[in-house]
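Okay, structure first, notes after.
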Amino acid sequence: MKVLAATERQLLQEGLEQLELPATAAQLDWYEEYVRQLQVWGQRVRLISGSTRDIVVRHILDSLAPWRQISTYLDSNSDGSLADIGSGNGFPGLALAGVFPGAHVYLIERSPKKAAFLRSTAGVLSLAEQVQVEEADVREFGQRVPLLISRAFMPMAKAYPLLQPLMPPEGGVMIFYAGRRLTIDKQFELKPELKESTEIVPIKVPFLEEQRHLCIIHCPLR
């Protein structure tokens, strides 16, 4: 059963093409299956809201829009790993795992129900060997990962000190998905020391007329 209308599937295809990502029928089927899992599990677990068009634009394409920037830092990792902090519905971690088949992706989620969704969906999407779901509070996550990504975990100024212990001794990068520049500047007011080590990159999300940025924090040797 199709879960994306023809217009939504076309929107997804055009968005992927704008991002210069594969948009074959097989790829579109893969993303449509992800949407199906969100809808099926969403009947018992609070995962996502909005229309299927919102899922395509505000979640799938939004998650994938900075793939080139993320690729740069992923390629520089010795172990090719990244961790999605507070993964929830799997955006961006599951979506990025589909783009980077050689990466090892940790999905850190403390909610047992959401963690169950992530494990199940990773299996359905043929990502079980690549994706490792960690059902834990971020403070209990025992690994050290040089690339940490956060899309909807908590504000950057509050999240930064919680994530610092996850950085390996050789340092690494934290990437925060963010919206308006004004909101980012307010985070710097709360934690001024972040401003010097943070690179702010504007991101264009296909079919979304809203400001989007990446905040890339370069963490030095510890």
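The values are calculated or read from the model by the stated rules, or taken from the named source; none is laboratory data. Please read all numbers here as calculations on a predicted model, not as lab measurements. Counting neighbours? That spans all protein chains shown, and the Cβs are built from the backbone with ideal geometry, glycine included.
Some points to look at:
- Looking across LEU96, LEU118, one residue alone is at pLDDT 95 or above, assigned by TED's automatic domain parsing to the domain that holds HIS213, assigned to a helix (DSSP H, G or I) and in contact with a Phe, Trp or Tyr (Cβ under 8 Å, 6 or more places away or on another chain). It is LEU96.
- Subset of the range 186-202 that is in a helix (DSSP H, G or I) and hydrophobic (A, V, I, L, M, F, W, C) - its residue that is farthest from the chain's Cα centre (by Cα): LEU190
- Residue match in the range 128-136 (condition: surrounded by 14 or more Cβ atoms within 10 Å (Cβ to Cβ), touching a residue at least 60 places away in the same chain (Cβ under 8 Å) and assigned by TED's automatic domain parsing to the domain that holds LEU74): no
- Restricting the range 89-114 to residues that are within 10 Å of the chain's Cα centre (by Cα) and within 18 Å of LEU28 (Cβ to Cβ), the residue that is surrounded by the most Cβ atoms within 10 Å (Cβ to Cβ) is GLY90.
- Only listed residue being more than 21 Å from PRO206 (Cβ to Cβ), at pLDDT 95 or above and aromatic (Phe, Trp, Tyr), chosen from TRP41, TRP30: TRP41
- GLN27 touching a helix residue (DSSP H, G or I) at 6+ places or on another chain (Cβ under 9 Å), outside the structural domain of LEU166 (by TED's automatic domain parsing), over 30 Å from GLN143 (Cα atoms) and polar (S, T, N, Q): yes
- Here ASN89 fulfils each of the conditions (1) in contact with a Lys or Arg (Cβ under 8 Å, 6 or more places away or on another chain); (2) in a loop (DSSP other than H, G, I, E, B); (3) touching a residue at least 60 places away in the same chain (Cβ under 8 Å) apart from (3).
- Considering only residues in the range 169-197 that are without any contact (Cβ under 8 Å) to a residue 40 or more places away in the chain and surrounded by 15 or more Cβ atoms within 10 Å (Cβ to Cβ), the one that is nearest to PHE91 (Cα to Cα) turns out to be ALA178.
- Hey, VAL124 among the aliphatic types (A, V, I, L, M), over 18 Å from LEU47 (Cβ atoms) and in the same structural domain as ARG151 (by TED's automatic domain parsing) or not: no
- ARG53, sole failed condition from (1) in contact with a Leu (Cβ under 6 Å, 6 or more places away or on another chain); (2) of a type outside the set (Asp, Glu); (3) not assigned by TED's automatic domain parsing to the domain that holds SER111: (1)
- In the set (1) within 30 Å of GLN13 (Cα to Cα); (2) free of Cβ contacts under 8 Å to residues at least 40 places away in the same chain; (3) of a type outside the set (S, T, N, Q); (4) surrounded by 13 or more Cβ atoms within 10 Å (Cβ to Cβ), the condition left unmet by LEU208 is number (2).
- Residue match in the range 151-162 (condition: crowded, with 16+ Cβ neighbours inside 10 Å, closer than 24 Å to ASN77 by Cβ, at pLDDT below 95 and more than 20 Å from the chain's Cα centre (by Cα)): no
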